[in-house]
Amino acid sequence: AVSQPDDELFAWVVREGVTNVVRHSRARSCQVVLGPRSIEISDDGIGAMPGCLGNGLAGLRERVLAAGGRLELGPAAGSRGWRVLVELAAA
């Protein structure tokens, strides 16, 4: 269970992360892992161009930082794919 107000932030992470998978990744699979203070979205797609962050991910970064959280964006484990990880400080 994710408590308020973190549930709204995590909903934004899912919307932005999954939208990017569907629109850009050419992935065959996507995994969403949710914890009480973290959420991770990863896929097995083509990854991203280095330094290429669109408006959606930039806006997500702003939301995460405003909530006192940490955002990691980058290659998924292994040689293919992309990963979005948001971690919030302990409550």
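Figures for the structure shown
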quantity: Helix 6-20 axis, angle to the chain major axis (alpha carbon atoms, nearest 10°); calculated: 10 degrees
quantity: The chain: angle of helix 55-66 to the longest principal axis, Cα-based, in degrees nearest 10; calculated: 30 degrees
quantity: Accessible area per residue in Å² at 1.4 Å probe, computed on the chain; calculated: 64 Å²
quantity: Sulfur and carbon atoms: percent of accessible area, the chain [1.4 Å]; calculated: 54 percent
quantity: Computed Kirkwood radius, in angstrom, where 1/r is averaged over Cα pairs of the range 4-91; calculated: 13.0 Å
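The values are calculated or read from the model by the stated rules, or taken from the named source; none is laboratory data. Being a predicted model, the structure only gives us computed values, none of them experimental. Calculation scope for accessible area: heavy atoms of the full protein, side chains included, ligands and nucleic acids excluded. Shrake-Rupley method; radii C 1.70, N 1.55, O 1.52, S 1.80 Å.
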